[in-house]
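Peer 1: I'd like to ask some things about the structure below.
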Amino acid sequence: MINKYFVEFIIFSFLGWVWETIYCTICNKKWENRGFLFGTVCPIYGVGSIAAFIMLDIIKLNNLPALTWWQIFLIGLLGSAVLEYSTSLLLEKLFHAYWWDYSNMPFNINGRICVPASIGFALVGLLIVFVIYPFFEYVSTLIMPIFIDIAAFIFLILFTVDMTLTISSLTDIQRKIEAIDDNINLHMGDIIENIYVNSTNLSKKAIARISGVRFKKSTHTTLYKKLIEKIQKHNIK
């Protein structure tokens, strides 16, 4: 059963990648390789689909009442919103990056989820329950369990390699970005310090030069004193 779920997880992750890549490529009018991993999978689609499969299997095995279409729609709406928000937050915390942004969409929450996208996923949930799940159940009866086990083993190796390469690459990129940021801060600190030292020396020279000037009229003398005070005050700040 676990191997069966894992194979289905990979299949739906691949279908999700196909859908997102086609959709984003058409919208942006250029090739968009979607997904968190290097490979052609979007695991969030696999997680959502397998969660629906497990729920349907539990209902079936325990002879529970079947869900109505509006219950399935509501579960898909809320479930997809929770899954998308938590996944977006986790990826941002781990890698300081985000893979989707709904900021320009209506009724969004922090750009992580939005009502139109959640409604779309809820409609896909109806498709899974009433069309895809029965089809997969029928196909699984035609395939010998040994072939499912072999496919699960191969998919596991490929998925593990993909995850390892992706995480290693993202971690390395993050380290390089932090190193660049540290170097920029260091150089900017040196620049600001030089500017401050040079401006201080310049103001001291200005004060010394002005101090050497002698004014005959009292109005000029008053102006001279105010100018000295202003320069010294600016120098203190």
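Peer 1: Looking at segment 1-12, can you tell me whether even one residue there is assigned to a loop (DSSP other than H, G, I, E, B), of a type outside the set (Val, Ile, Thr) and surrounded by fewer than 14 Cβ atoms within 10 Å (Cβ to Cβ)?
Peer 2: Scanning segment 1-12, I find at least one residue that is assigned to a loop (DSSP other than H, G, I, E, B), of a type outside the set (Val, Ile, Thr) and surrounded by fewer than 14 Cβ atoms within 10 Å (Cβ to Cβ), so the answer is yes.
Peer 1: Name every residue in segment 15-56 that is over 16 Å from PHE121 (Cα atoms), among the hydrophobic types (A, V, I, L, M, F, W, C) and in a helix (DSSP H, G or I), in order of residue number.
Peer 2: Within segment 15-56, ILE22, CYS24, ILE26, CYS27, ILE54, MET55, LEU56 meet the criteria.
Peer 1: Counting just the residues of segment 121-144 that are hydroxyl-bearing (Ser, Thr, Tyr) and free of Cβ contacts under 8 Å to residues at least 24 places away in the same chain, which one comes out least open to solvent (accessible area, probe 1.4 Å)?
Peer 2: Restricting to residues being hydroxyl-bearing (Ser, Thr, Tyr) and free of Cβ contacts under 8 Å to residues at least 24 places away in the same chain, the top hit is THR141.
Peer 1: With the checklist (1) open to solvent by less than 70 Å² (accessible area, probe 1.4 Å); (2) part of a helix (DSSP H, G or I) in hand, flag the one item PHE147 doesn't pass.
Peer 2: Condition (1) is where PHE147 drops out.
Peer 1: Just one of LEU89, LEU165 is surrounded by fewer than 16 Cβ atoms within 10 Å (Cβ to Cβ) and either part of a loop (DSSP other than H, G, I, E, B) or within 16 Å of the chain's Cα centre (by Cα) (or both); which is it?
Peer 2: LEU89
Peer 1: Spot the failing condition for PHE38; the list is (1) buried (at least 18 other Cβ atoms within 10 Å of the Cβ); (2) under 19 Å from the mean Cα position of the chain (by Cα), and only one is missed.
Peer 2: Looking at each condition in turn, PHE38 falls short on (1).
Peer 1: Against the condition outside any helix (DSSP H, G or I) and either of a type outside the set (Lys, Arg) or touching a residue at least 12 places away in the same chain (Cβ under 8 Å) (or both), how does PRO65 come out, does it pass?
Peer 2: Criteria met by PRO65.
Peer 1: Then there's this: Can we say PHE6 is at pLDDT 95 or above and closer than 25 Å to PHE155 by Cβ?
Peer 2: Answer is yes for this residue.
Peer 1: Please go through segment 100-120 and give me each residue that is touching a residue at least 24 places away in the same chain (Cβ under 8 Å) and open to solvent by less than 60 Å² (accessible area, probe 1.4 Å), ordered by number.
Peer 2: If the condition is that a residue be touching a residue at least 24 places away in the same chain (Cβ under 8 Å) and open to solvent by less than 60 Å² (accessible area, probe 1.4 Å), then ARG112, ILE113, ALA117, SER118 are the ones that fit.
The values are calculated or read from the model by the stated rules, or taken from the named source; none is laboratory data. This structure is a prediction, so every number in the text was calculated from the model and none was measured. Every residue, glycine among them, receives a Cβ derived from its backbone with ideal geometry; neighbour counts consider all protein chains shown. Note: accessible area is taken over every heavy atom of the protein model, side chains too, but ligands, DNA and RNA are not part of it. Shrake-Rupley method; radii C 1.70, N 1.55, O 1.52, S 1.80 Å.
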